Amino acid sequence: MKSQEIRAKFLAFFESKKHDIVPSAPMVLKDDPTLMFTNAGMVPFKEYFLGNGTPKNTRLTDSQKCLRVSGKHNDLEEVGKDTYHHTMFEMLGNWSFGDYFKKEAIDWAWELLTEVYNIDKNSLYVTIFEGDKADGLDRDQDAYDLWRNHISEDRILNGNKKDNFWEMGAQGPCGPCSEIHVDIRSEEEKAKVDGKSLVNQDHPLVIEVWNLVFMQFNRMADGSLEKLPAQHVDTGMGFERLCMVLQGVQSNYDTDVFTPLMREIETITSFKCGHKEETDVAVRVVADHLRAVAFSIADGQLPSSNTAGYVIRRILRRAIRYGYTFLNTKEPFIYKLVNTLVKQMGEAFPELKREKNLIVNVIREEEHSFLRTLDQGLILLDNMVAKTTGDIISGDKVFELYDTYGFPDDLTGLILSEQGLKYDKERFDVLLDEQKKRSRNASLVETGDWTVLIDDSEEEFIGYDTLEANVKITRYRKTESKKDGEVYQLVFNLTPFYPEGGGQVGDKGYLEVPNGEVVYIIDTKKENNLIIHLAKNLPRSTEGTFKAIVDEKQRFRTSANHTATHLLHQGLRKVLGTHVEQKGSMVHSRNLRFDFSHFSKVTSEELKAVENFVNARIRESLPLEEQRGIAYDQAIKEGAIALFGEKYGDAVRAIRFGKSMELCGGTHVQSTGDIWHFKITSEGAVASGIRRIEAITNDAAKEYFTSETEAYNKVKATLKNAQDPVKAITSLLDENAALKKQVEALIKEKAQSLSGDLEKEYEEINGVQFLAKKVDLDAGAIKDLAFKLGQNRNDVFLLFGTEQNGKALLSCYISKELVASKDLNAGQVVRELGKHIQGGGGGQPFFATAGGKNLAGIDAALEAAKSFLN
Ligand code: ATP
Ligand code: MG
């Protein structure tokens, strides 16, 4: 059975059991402060388990893209080494939100595996939760009894809290689970060792394929469990593992999900799998990581130097490094695999097809730059080796290489071992651990439990129409972190505050308490479908009605920037072409930032044209037209543009200024005329094929023009109010260049005349003409002087000292003949004498220089020079 068919059968089976099939949510999470990536099928449905929203059907089924590379679920270091863990994988799931529970979940799982997929019953084992004293939980007898209807007792195993009690994180929905394991060993092996003893023992051929989770508790901040208002089912089956079982192979990488990529890597690198373990691991790593990175880019998360982007960059670098070390790939090659991946997965995940060019370009560029880093790292490493005596490189040095240059320590180790060297791994690990602890502590947020004041499931956002409202606090909790200190999170029954999202910052403002007290709202965010208002303190009494007031100025400026962002998008498509697509945006009150796909620098004429386009729309005072709660499909049919990597619900808001219609939940001005003026402040590249424009509007544009004019007037005044300031500056620059030339010529002349005098000052020591002297010349002139003196004789030893721009400089020249015959070395001379001026330097054996900060040491250095000849 082909993988496509396996996936389709799963979805069709649950559709026949009255589930709605839903598409995978993005793998990259944009607006979730608790999580960077979807790491399990339940993530997109969190809000339903928490009771903060209602799904369109209480039964859903899907195949969800998951990524397990950070946080609670992190499989990164295992990937490639084993044959059944991936960074990115698909999780097939069926969901019950307060609908069916254990019975149907278990019966259907069994029916699907044994009757639809025809897996041999004698190769299956199941586990159930054995109970936990500390949590006061009994063994899951219900699950046991239900399994007994299908499978013999000796194939139902007890599992502990680690394997059989599923938790989303430190807090939140959780419950006992029941796993299904498959034994795919040969009959011979099965006869030798009982499969039962291998369940949950990390055996590559006795593996967990499906986990049925019965959500019924909520884990509180103090670790205690509370019953959820309703019981749910959350199941997750590893798609790639299922394919391995059904296709009769012994590794996920031998299924048709992976074989096209594996063959392509073998072709490109000329390495074949199946001969050497390290080659096999490397090929698996590359195939796996390519998928993770490509899907992330398609979802809008490019590799970058911060948080989620950095995680993606590290995955790609791990692949590059495995290729570099074990597949001998010194040139970019991973990007070449994108074609094969898109052919393979593009049908099921059309976002891959849509973003193919971007994926190729970004990966190629990242490969280029990391390979350069690796080359530079090799040079640095060579230097370290040269400076080290003995055969152990210090852990601090290797850590510096890792931390500052991104040079991986295992690669360092490998290269060193080839030269018979080692590094202090213990020390390195200590440093790495310290660094991890520092960043963990900085980002650690302790979150308390909600105090629920009013039971209210739907918190209405009314901020499109009003900036003020009388609200009640429905729940609140406290969080604490090193970075932000104590912060209270408040939820209202309704709110005018816009929560950060769609690139737009959250609203600020305040709560007015009837007794005159004021509570400032410092930010607004959305989490699990709740709009959360952040405050440094609580009102003295949390009950009663409060007047919630949004900071009008900040909101207005932000809205002007948001509308301008839409006009900018239109302008870019008009001026540069319709290949321009939004790849990210950030809308603040100060300015706006817009990233888009385009393959060359935007010229200043093009930028001018875009500015003109936007300002023309502003002058037309186009009114905001909006449709709220329109069906997503309907909006797309009417021509609305949906944005890259955004997660849209079934009902969306479509807005229109003039001709162009876009899906957008953000706030906008009532008329484009409110923007007043639009000004681009910068344009540049953020990644290969992605440009970034920053711009300002309204007050910021006014301030910009005022301060630019002021600066210009100051320049004019400094130029004594020249009629044409550009001409005045050009002639100043010309004059300056001419003067510089004259000065250089004069110094050269001075050196020339000096050389004749100096030759008279030679002192002969052991057959060498010696001279050590302080001179008033710059570095270039001293070099000329030394070389000139050296031309005339082949037995000179010269040391010059000088003060230059407040620094001490020593220059040493030794005739090449002396270098050979007397074993002298100018580099060594300046390194030693450099100590007197508290500096260092080097160069060649016949000419070297040293700089230092101690001017007073020059004389002592000149004095000491003689010692080299005695
Ligand atoms: P394992 O113990 O094998 O790591 P898990 O307990 O982490 O699995 P769950 O969190 O229960 O797995 O996820 C549900 C299913 O998803 C698993 O039964 C498995 O089939 C699949 N799965 C989990 N992690 C991975 C992974 N890294 N790569 C591929 N499939 C996975
Ligand atoms: Mg796991």
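The values are calculated or read from the model by the stated rules, or taken from the named source; none is laboratory data. Just so you know, these numbers come straight off a predicted model, no measurement behind them. Every residue, glycine as well, gets a Cβ built from its backbone with ideal geometry; the counts of neighbours run over all protein chains shown. All accessible areas refer to the heavy atoms of the entire protein, side chains included, with ligands and DNA or RNA removed. Shrake-Rupley method; radii C 1.70, N 1.55, O 1.52, S 1.80 Å.
Table: residues versus (1) in contact with a Leu (Cβ under 6 Å, 6 or more places away or on another chain); (2) not small (Gly, Ala, Ser).
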site	(1), (2)
MET1	yes, yes
ALA8	no, no
VAL28	no, yes
PRO33	no, yes
ASN39	no, yes
PRO44	no, yes
GLU47	no, yes
GLY51	no, no
ASN57	no, yes
Pairs returned, first residue in the range 397-414 that is open to solvent by less than 30 Å² (accessible area, probe 1.4 Å), second residue that is outside any helix (DSSP H, G or I), beta-carbon separation under 7 angstrom, 6 or more apart or interchain, are VAL398/TYR423; LEU401/PHE407; THR412/TYR423; GLY413/TYR423
Filter result for VAL233 (within 16 Å of ligand 2 (Cβ to nearest atom) and part of a strand (DSSP E or B)) | no
Next on the checklist: Can you confirm whether GLU803 is of a type in the set (Asp, Glu) and either free of Cβ contacts under 8 Å to residues at least 24 places away in the same chain or farther than 26 Å from LYS748 by Cα (or both)?
Outcome noted: no
When VAL249 is run through (1) under 16 Å from HIS86 (Cβ atoms); (2) within 15 Å of ligand 2 (Cβ to nearest atom); (3) more than 30 Å from the chain's Cα centre (by Cα), the failure sits at (2)
- prompt: Is the range 228-241 home to any residue that is open to solvent by 50 Å² or more (accessible area, probe 1.4 Å), under 31 Å from the mean Cα position of the chain (by Cα) and assigned by TED's automatic domain parsing to the domain that holds TYR48?
  reply: no
Taking the range 643-675 and keeping only residues that are open to solvent by 30 Å² or more (accessible area, probe 1.4 Å), at pLDDT 95 or above and over 13 Å from LEU567 (Cβ atoms), one is left with GLN670
Among helices (runs of 4 or more DSSP H) completely within the range 141-226, the ones holding 1 or more residues that are under 26 Å from LEU112 (Cβ atoms) and within 16 Å of ligand 2 (Cβ to nearest atom) are 161-164
Scanning the range 65-112 for residues that are under 30 Å from ASN52 (Cα atoms), near ligand 1 (Cβ under 10 Å from one of its atoms) and surrounded by fewer than 21 Cβ atoms within 10 Å (Cβ to Cβ), the one modelled with the lowest pLDDT turns out to be LYS72
Checking ALA861, ALA865 in turn, the sole residue that is closer than 22 Å to GLY780 by Cα and over 54 Å from the mean Cα position of the chain (by Cα) turns out to be ALA865
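Yes/no per residue for (1) closer than 29 Å to VAL43 by Cα; (2) open to solvent by 70 Å² or more (accessible area, probe 1.4 Å); (3) within 16 Å of ligand 1 (Cβ to nearest atom):
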{"residue": "ASN122", "(1), (2), (3)": "no, yes, no"}
{"residue": "ILE156", "(1), (2), (3)": "yes, no, no"}
{"residue": "PRO173", "(1), (2), (3)": "yes, no, yes"}
{"residue": "GLU179", "(1), (2), (3)": "yes, no, yes"}
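I'd like the full set of residues that are open to solvent by 10 Å² or more (accessible area, probe 1.4 Å) and either touching a residue at least 24 places away in the same chain (Cβ under 8 Å) or over 30 Å from GLY420 (Cα atoms) (or both), limited to the range 359-387. Let's see the steps before the verdict.
Pass one, the range 359-387, residues open to solvent by 10 Å² or more (accessible area, probe 1.4 Å): 360-361, 364-366, 368-369, 371-373, 375-376, 378-380, 382-387.
Result: VAL360, ASN361, ARG364, GLU365, GLU366, HIS368, LEU371, THR373, GLN376, LEU378, LEU380, VAL385.
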Taking the range 415-447 and the residues there that are touching a helix residue (DSSP H, G or I) at 6+ places or on another chain (Cβ under 6 Å) and part of a helix (DSSP H, G or I), the one that is nearest to ALA282 (Cα to Cα) would be PHE428
Being among the β-branched types (Val, Ile, Thr) and closer than 30 Å to ARG291 by Cα narrows THR389, THR447, THR451, THR373 down to just THR373
Counting only residues in the range 680-698 that are open to solvent by less than 40 Å² (accessible area, probe 1.4 Å) and among the charged types (D, E, K, R), the one farthest from ILE359 (Cα to Cα) is identified as GLU683
When every residue in the range 485-494 that is touching a strand residue (DSSP E or B) at 6+ places or on another chain (Cβ under 8 Å) and farther than 26 Å from CYS664 by Cα is compared, the one least open to solvent (accessible area, probe 1.4 Å) is VAL487
Here the qualifying pairs (Cβ atoms under 8 Å; residues six or more apart or on different chains; first in the range 231-242 and near ligand 1 (Cβ under 8 Å from one of its atoms); second in a strand (DSSP E or B) and among the acidic types (Asp, Glu)) come out as GLY238/GLU90; GLY238/GLU208; PHE239/GLU90; GLU240/GLU90; ARG241/GLU208
Considering residues that are in a strand (DSSP E or B) and either under 30 Å from PHE678 (Cα atoms) or open to solvent by 10 Å² or more (accessible area, probe 1.4 Å) (or both), the number found within the range 532-569 is 4
*Tell me, please, whether a residue that is hydroxyl-bearing (Ser, Thr, Tyr) and at pLDDT below 90 can be found in the range 470-488.*
yes
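Of all residues in the range 304-318 being of a type in the set (Ser, Thr, Tyr) and part of a loop (DSSP other than H, G, I, E, B), which is modelled with the highest pLDDT?
Keep residues of the range 304-318 that are of a type in the set (Ser, Thr, Tyr), which gives 304-305, 307, 310.
Right, trim to part of a loop (DSSP other than H, G, I, E, B) and you get 304-305.
Details: SER304: 86, SER305: 79.
Among those residues, the one meeting the criterion is SER304.
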For the range 255-273, the count of residues that are free of Cβ contacts under 8 Å to residues at least 12 places away in the same chain and either touching a helix residue (DSSP H, G or I) at 6+ places or on another chain (Cβ under 7 Å) or open to solvent by less than 40 Å² (accessible area, probe 1.4 Å) (or both) equals 3
Looking across the range 495-529 at residues that are open to solvent by less than 20 Å² (accessible area, probe 1.4 Å) and of a type in the set (Ser, Thr, Tyr), the single one that is nearest to THR474 (Cα to Cα) is THR495
Open item on the list: Among the residues that make up the range 183-194, is at least one of them assigned by TED's automatic domain parsing to the domain that holds GLU78, under 26 Å from GLU90 (Cα atoms), open to solvent by less than 30 Å² (accessible area, probe 1.4 Å) and near ligand 1 (Cβ under 10 Å from one of its atoms)?
Closed with: no
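Tell me which helices (runs of 4 or more DSSP H) are completely within the range 1-112 and hold 1 or more residues being touching a Gly at 6+ places or on another chain (Cβ under 8 Å) and on the phi < 0 side of the Ramachandran plot, or say none if there are none. Quick ask: steps written out before the conclusion?
Details: elements: 3-16, 46-49, 102-111.
Filter on the range 1-112 gives 46-49.
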Per the filter on the range 71-129, residues acidic (Asp, Glu), within 19 Å of GLN247 (Cα to Cα) and within 16 Å of ligand 2 (Cβ to nearest atom) are ASP82, GLU90
Selection over the range 280-303 where residues are polar (S, T, N, Q) and modelled with pLDDT under 95 yields a count of 1
